[in-house]
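The values are calculated or read from the model by the stated rules, or taken from the named source; none is laboratory data. Only a predicted model underlies this, so the values are computations on that prediction, with no experimental measurement involved. Counting neighbours? That spans all protein chains shown, and the Cβs are built from the backbone with ideal geometry, glycine included.
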Amino acid sequence: MEDRIALEIREGVADVRLVRSEKMNALDDAMFEAIIGTGERLKTEPGVRAVVLSGEGRAFCAGLDMGNFAKMGGAKPAPSGEATADREGRLAARTHGVANRPQYAAWVWREVPVPVIAAVHGVAFGGGFQVMLGADLRYVAPDTRMCVMEMKWGLVPDMAGTQPMRHLAREDVVRELTYTGRIFSAEEALGLGFATRLCDDPRAAALETAREIASKNPDAIRAAKRILNDAPYADAARGLLAESAEQDRLIGTANQIEAVKANLQKRAPEFSD
């Protein structure tokens, strides 16, 4: 795992870096395993209050490793739209909760109970774009290029990206980007809703925000993520009830009282995990 991802945890912030820089952090089997394994670890790692996800080298993630497409190119094709016996249902099997293995490389960041900030530079193509979308926030360098690239290879986006995409941008925009597979800029991504903020140094900015988040009541931060994760899929009644239920659990707890005391006493709070 260490040859694909570097992880450092300091003062409540997990700094996760894709380190396959010679391949622009492309997704091979080992990278999928490393991303999923790291996400699973951070779901239960004590003391983690925020996560920053970035890529070393020239890019955040260039998408699926070209070797996978080379294997497809040598395979015997089946008639269009027809599944062969050895592949039928292979991706439809749910191996990681609501997701399959490739989808979980992006979706696991939604299940990490604390905020995840993707710091993106270079390119975020195909699967890399979808991993980026799994984060709560996306800080993007101004010269970054992005693409829903799967159509180039005769495929559809299938790493969970369709779910956040449809809540971040207009439906017709999502359709155009999916159908054409065109490359678009960071500035356009900001206007469409895929980028949270453009930053000259997205990793430094992401770490700064992560440290700010880590200074807040960790119970309230986790509760807020639960509410916001569910909000796009909930009707108004369910959403309002979720707010109330989480608030009931927070009011009067030790960390909530500490937040009040620290503000009144004009000092830094001391929260327990």
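Can you tell me which residue is modelled with the lowest pLDDT among those in the stretch 230-259 that are within 22 Å of Gly134 (Cβ to Cβ) and of a type in the set (A, V, I, L, M)?
Once the filter is applied, the top-ranked residue is Ala234.
Give all pairs with beta carbons closer than 6 Å in which a residue from the stretch 206-235 that is touching a residue at least 24 places away in the same chain (Cβ under 8 Å) meets a residue that is assigned to a helix (DSSP H, G or I) and exposed (fewer than 14 other Cβ atoms within 10 Å of the Cβ); count only pairs at least 6 apart in sequence or on separate chains.
That search, which allows pairs on different chains as well, returns Pro232/His167.
For the stretch 1-63, which strands (runs of 3 or more DSSP E) that fit wholly inside it have 1 or more residues that are surrounded by 16 or more Cβ atoms within 10 Å (Cβ to Cβ) and among the charged types (D, E, K, R)?
13-18
Report yes if some residue within the stretch 138-160 is crowded, with 20+ Cβ neighbours inside 10 Å, touching a Leu at 6+ places or on another chain (Cβ under 7 Å) and part of a helix (DSSP H, G or I); otherwise report no.
For the stretch 138-160, residues crowded, with 20+ Cβ neighbours inside 10 Å, touching a Leu at 6+ places or on another chain (Cβ under 7 Å) and part of a helix (DSSP H, G or I): absent.
Among residues belonging to the stretch 242-273 that are assigned to a helix (DSSP H, G or I) and of a type in the set (D, E, K, R), point out the one that is surrounded by the fewest Cβ atoms within 10 Å (Cβ to Cβ).
That would be Asp248.
Just checking, which of Ala30, Ala59, Ala50 is closer than 17 Å to Gln130 by Cα and in the same structural domain as Phe129 (by TED's automatic domain parsing)?
Ala59
Condition check: touching a residue at least 24 places away in the same chain (Cβ under 8 Å) and out of contact with any strand residue (DSSP E or B) (no Cβ under 6 Å at 6 or more places or on another chain). Does Trp107 satisfy that?
So Trp107 fails the test.
Among the numbered criteria (1) under 20 Å from Tyr139 (Cβ atoms); (2) within 17 Å of the chain's Cα centre (by Cα); (3) assigned by TED's automatic domain parsing to the domain that holds Lys43; (4) surrounded by fewer than 19 Cβ atoms within 10 Å (Cβ to Cβ), which one does Lys225 miss?
(3)
Can you give me the number of residues within the stretch 193-241 that are outside any loop (DSSP other than H, G, I, E, B), over 30 Å from Arg267 (Cβ atoms) and small (Gly, Ala, Ser)?
4
Being of a type outside the set (Ser, Thr, Tyr) and under 28 Å from Ala124 (Cα atoms) is true for just one of Leu192, Leu264, Leu250. Which residue is that?
Of Leu192, Leu264, Leu250, the one residue that is of a type outside the set (Ser, Thr, Tyr) and under 28 Å from Ala124 (Cα atoms) is Leu192.
Within the stretch 175-199, can you find the residues that are exposed (fewer than 14 other Cβ atoms within 10 Å of the Cβ) and either of a type in the set (Val, Ile, Thr) or in contact with a His (Cβ under 7 Å, 6 or more places away or on another chain) (or both)?
Thr180
Just to be sure before I move on: is Asp172 under 22 Å from Ile117 (Cβ atoms), surrounded by fewer than 18 Cβ atoms within 10 Å (Cβ to Cβ) and in the same structural domain as Ala14 (by TED's automatic domain parsing) in the structure I sent?
no
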